[in-house]
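Inspection log for the structure reproduced underneath, given as structure tokens.
No value in this document is a laboratory result; all are computed from the given coordinates. Note that the structure is predicted; figures quoted are calculated from it, not measured. Virtual Cβ from ideal backbone geometry, glycine too; neighbours counted across all protein chains shown.
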Amino acid sequence: MSAAAGAGIGATFEVEHASRSSRIGGAIFAIAFVALVAAPGFAGRDDLRLLSEIFSYIVLASLWNLLAGYAGLVSVGQQAYVGLGGYVLFAATILAGVPPLIAVPLAGIAGALLALPVAGLMFRLRGHYFAIGTWVVAEVFRLLASQLSALGGGSGISLPAGIVISMAATRQWREFLIYWVSLALLVAVLGGIVLLLRSRYGLALTAIRDNEIAARSNGVDVWRVKLAIYVAAALGTSMMGALIFLQKLRISPDTAFSVNDWTAFVIFITVIGGIGRVEGPIIGTLVFFILRRTLADLGSLYLLMLGAVAIAVMLFAPKGIWGFVAGRFGWQLLPLERRLRFAADTRTK
Amino acid sequence: MPEPLLELRALDAYYEDFQALFGISLEVAAGEVIAVIGANGAGKSTLLNSIAGAMPSRPDAIVFEGRPIGDLPAHAVVAQGIALVPEGRRLFPSLTVEENLLIGAQLRRPGPWNLVRVYELFPALAERRRMGATALSGGQQQMAAIGRALMSNPKLLLCDEISLGLAPIVVRDLYARLPSIVAEGSAVVVVEQDIVQALKAAKRVCCLQEGRVALTGLSTALTREAISAAYFGT
Amino acid sequence: MQWLNVIIQGVLVGGLYAVFAAGLALIFGVMRLVNIAHGDLIVLAAYLALVATETLGINPLTAILVVVPVMGAVGYGLQRGLLNRTLGDDLLPPLLVTFGLSIIIQNGLLELFTADSRRLAAGAIEVESFPLIEGISIGVLPLLQFAAAVTVIGGLQVLFYRTALGRAFRATSDDPAVAQLMGLDNRHVFALAMAISLCVVAVAGVLLAIRTNFDPAIGPARLIFGFEAVIIGGLGSMWGTFAGGIILGVAQAIGAQINPGWQVLAGHIAFLIILALRPEGLFPKVQG
């Protein structure tokens, strides 16, 4: 990829993004993608569900990472959009007869639209207070949802059989369909994030992450960038929420807006995997699911341990697993570096 | 010869990778007034901050009353008897004048300085004791900052550019009080941009240039040319 | 007349919210830290009071004398041992560490005490009330709790503005670097601030335990109420925070009167309205 040449400065240059490790990483992703697309051919039903769950956490964590690790917006209330997405899907399908898979992007749009006034209010709060404010907003959504008797009020509602059946000819194909859509959303979100970070917008984001005041004085419209990121995250999170509850076939205010499921786990994944790096949430999700497989029987002790691990990581390895690895070895799995290559420079990395 | 009160032995100072001081060696005797002069960026404030413990140093790089204090944190250095009047005053805005002074006395070190004595030295402060610290004029704020440092009964007072932003007549007024402070038993190190004032107030002068000692000597003995050469490094 | 009763009940509950808020505001004022585990620590104090009354056989109000010093010590240790390390320019570490702490406390309490709802019995005083004017009576216990809230806030005000420790708090809050240069050990000052915050939390916890049923999961809601009270009242003023708590309590009471399911929501809406119209709060203290 090349960027604007340094016209008038006398030297022309290109901006390089890839490196040897990212070429390897790219290859890994390509192979993984092919395998995942083909998975319904050889994987069992439970495995497909597990994979969908893994995809959903990578998406949620990647979006949270974009907000917190890049835009400096630490939200403890993204469950608002997960639940909103779910409820918009259920409302659109049950009350307005919209086909479920059409309702998914609809949920995303609803989330993005709602994110505008929410941001208008929340951006009046700074730092820690912003975090708790987002939590309040999520609670408001939850309380409002429990007032919606048409959607089951406080106890929630199941997706009617008719709608479920309308999705595909057999149950198997329905599950395949949802799986592929989840995979598609994962690729779209990750791809979108990579493209964003490689663009000028991404450069602005990295500047904001590193030093907001310096970024502002260099002409970055910090407020506008943060708003755009917040809305984009809401869009992605709402769509994911719609898919999650389409898969679960049932929604209730407590599950839709659960802090534990949609924020605590997401935060732990991102912290342990590595904040501020795109690879972090991916690594973190894998670690999280391995831990869950081995430890989930412990119930609340498991959560307790997660909390302790997150604290330990924050204190002793604040850049997380991937941050440590990338710092030590200079690896990147995705081509996101920026290196200037001048025309006269014959070095290669 | 009596042991010096403060001894700097090859003191270095770093801001991350940037080295600001290179092997500074200096002695201050009890009751002495020394001026440290130099151009902007020469390292004068860094020197005072290092002595005050705001920046880390080797333990034996700073020896006070025979004890190595280079690695002590700032609050422990105050307990040893060294007080800093920071550059730009930096009074506490949420506190009144009197409360600012009382903060200085937090450690209750024994000595002649207390509220009464400070108000005697700076009557303008007594009149304004209940006012918010930021409501004072520049000169009065400087008095308050000096008073605050004195309240800890230091054996060594470090003054970082007390003339900064003040009218000459105010600066002269401040320096006129210096002898009273010395008379009560403190040695003083003044960092000054105003060379004339520095030479008048101090017995000895030390000129820093790009983090190194370029010249030391009695203020009466140094010539204009020598100082100029040391200051600008020509 | 009924509405007057509603308002009075709201005011009395508001005092409790003010106490939730006071501990939060203190910490934020001194060290710019928002303790996400604040609400869970209130619940922890409630359980401590439960244990104290059951093992020592004492009255809940006496239990305050036990719980307060214990929580104070916990606060000192927590700050000195853990939270001091998270302070700095980056806002993520303290936020994430206190969030992790919140999860740990909630689940720890869940393991120890199960999810069953508990309550502290305060005896006959619970149901006593006296008539105020025609048709309105005030419970003795809520009134006592309100009085306790006023005492706590007033005590904090005195602490901050009339004592050497309060001076140290305000100086360290203004300029931590210069405070060090004046001989204040920041690690110690911050730890004392947290200790006092948790003493306040202890009082809040005991009052909560007597007033309502509690279980390990209700912490976050208390954090949110405290936070809303701080924002409504405005940063920088203890009595402003107190007013914020009262307003929140009244908003909730009015909401509950219209529809019981709307109690908490009404409070959130009041908070959002204030945030929209007057983000600096109703009684902010302007920094000099």
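Rounded to the nearest angstrom and listed largest first, the equivalent-ellipsoid semi-axes of the range C:9-141 from its Cα gyration tensor are 32, 20, 13. Take C:214-220, A:172-178, A:184-190 and order them by the average number of nearby Cβ atoms within 10 Å per residue, most first; the result is C:214-220, A:184-190, A:172-178. Sequence-ordered 3J(HN,Hα) estimates for the range B:7-13 from the Karplus curve with 6.51, -1.76 and 1.60 and θ = phi - 60° stand at 10, 9, 10, 6, 6, 10, 8 Hz, glycine and proline given as x.
Close amide-amide hydrogen proximity is noted between B:Val85 and B:Leu158, B:Cys159, B:Asp160, each under 5 Å apart and 5 or more residues distant or on a separate chain (H modeled in the peptide plane; Pro and chain starts excluded).
Considering only B:Leu11, B:Asn49, B:Ala105, the residue lying farthest towards the positive end of the dipole of chain B is B:Ala105, judged by Cα position with unit charges set on Cβ. Note on C:Ile58 and A:Leu50: their simple-model spin labels are 5.3 nm apart, each label 7 Å out from Cα toward Cβ. Short-range pairs are left out: with C-alpha atoms under 8 Å and at least six residues apart, the relative contact order of chain A is 33 percent.
Averaging the Cα positions of each part gives two centres, and for the range B:181-215 and the range C:202-252 these lie 56 Å apart. Distance between the modelled labels on A:Asp221 and A:Arg293, one decimal in nanometres: 4.8 nm (7 Å Cα→Cβ projection). Below 18 Å, Cα to Cα, which aspartates and glutamates can B:Lys200 reach? Residues fewer than 8 away in the same chain don't count. Straight-line reach from B:Lys200, under 18 Å: B:Glu32, B:Asp160, B:Glu161, B:Asp173, B:Glu192, B:Glu225.
Based on the alpha-carbon gyration tensor of the range A:141-251 and its eigenvalue square roots a ≥ b ≥ c, which shape applies: rounded if a/c is under 1.5, prolate if not and a/b is larger than b/c, or oblate? It comes out oblate by the Cα gyration axes. In percent, rounded to a whole number, the relative contact order of chain B is 26, using alpha-carbon pairs under 8 Å and six or more apart.
Between the helical axis of B:138-150 and the longest alpha-carbon principal axis of chain B there is an angle of about 80 degrees.
Taking the alpha carbon gyration tensor of the range A:255-296, multiplying each eigenvalue by 5 and rooting it gives semi-axes of 18, 15, 7 Å, largest first. In this structure, the residue pairs whose Cα-Cα separation is over 28 Å, taken from B:Lys44/C:Lys285; A:Lys226/A:Lys248; B:Lys155/C:Lys285; A:Lys319/B:Lys44; A:Lys319/C:Lys285; A:Lys226/A:Lys319, are B:Lys44/C:Lys285; A:Lys226/A:Lys248; B:Lys155/C:Lys285; A:Lys319/B:Lys44; A:Lys319/C:Lys285. Considering chain A at the alpha-carbon level, its Rg and Dmax are found to be 21.1, 69 Å. The ellipsoid that matches the Cα gyration tensor of the protein assembly as shown has semi-axes, each √(5λ) in whole angstrom, of 55, 40, 22, with the longest given first.
The angle between the Cα long axis of helix C:92-113 and the main principal axis of chain C comes to about 50°, on a 0 to 90 degree scale.
Please determine, in degrees from 0 to 90 and to the nearest 10, the orientation of helix A:222-248 with respect to the longest principal axis defined by the Cα atoms of chain A, where the helix direction is its Cα long axis. In chain A, helix A:222-248 runs at an angle near 40 degrees to the longest axis.
Using the Cα gyration tensor of the range A:1-146, with a ≥ b ≥ c the square roots of its eigenvalues, what is the shape: rounded (a/c below 1.5), prolate (a/b larger than b/c) or oblate (neither)? Oblate.
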